[in-house]
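Written out below as structure tokens is the structure these notes cover.
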Amino acid sequence: MSELKFFRWVSLVEGLSFLILLGIAMPLKYVFGQPLAVRIVGMAHGALFLVFVVALIRAALEHEWPITRSAKNMLLSVLPFGFIGIERGLRGDMAKLGGGDEPRA
């Protein structure tokens, strides 16, 4: 798996874990008094975020991204639904490299 595909996959999973943390685990804790959900989902999200940072650095180095692009991706990673913006940028990169989502024959 190329660095770009791995970063794309990690970005998606990390972004979804953030949404689960904000949309499910936090309400369970603060509305229903169930802190265990935040403990479990928060730990998973934290680990995924660390993997995201490493994957971002590796993809940026492999594809020689300017620092502004890496900074933009980091900023998007801390925003809910920011992973969609990252996905759009990566989809364009993968299309240029010929590794997009088209089916294989």
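Read the figures in this text as sums done on the coordinates, not as results from a lab. Predicted model, so just to flag it, every value in this text is computed and none were measured. Please note: Cβ atoms are built from the backbone with ideal geometry, for glycine as well, and neighbour counts cover all protein chains shown.
The single condition from (1) touching a helix residue (DSSP H, G or I) at 6+ places or on another chain (Cβ under 6 Å); (2) closer than 15 Å to Pro80 by Cα that Gly23 fails is (1).
Remark: pairs (first residue in the stretch 11-23, touching a residue at least 60 places away in the same chain (Cβ under 8 Å); second residue among the β-branched types (Val, Ile, Thr) and part of a helix (DSSP H, G or I); Cβ separation under 9 Å; 6+ apart in sequence or on different chains) = Ser11/Ile86; Leu12/Ile86; Glu14/Val51; Gly15/Ile84; Gly15/Ile86. Of the residues in the stretch 57-68, at least one is out of contact with any helix residue (DSSP H, G or I) (no Cβ under 6 Å at 6 or more places or on another chain) and under 15 Å from Lys5 (Cβ atoms).
Being among the polar types (S, T, N, Q) and within 23 Å of Ser2 (Cα to Cα) is a condition met by no residue of the stretch 34-52.
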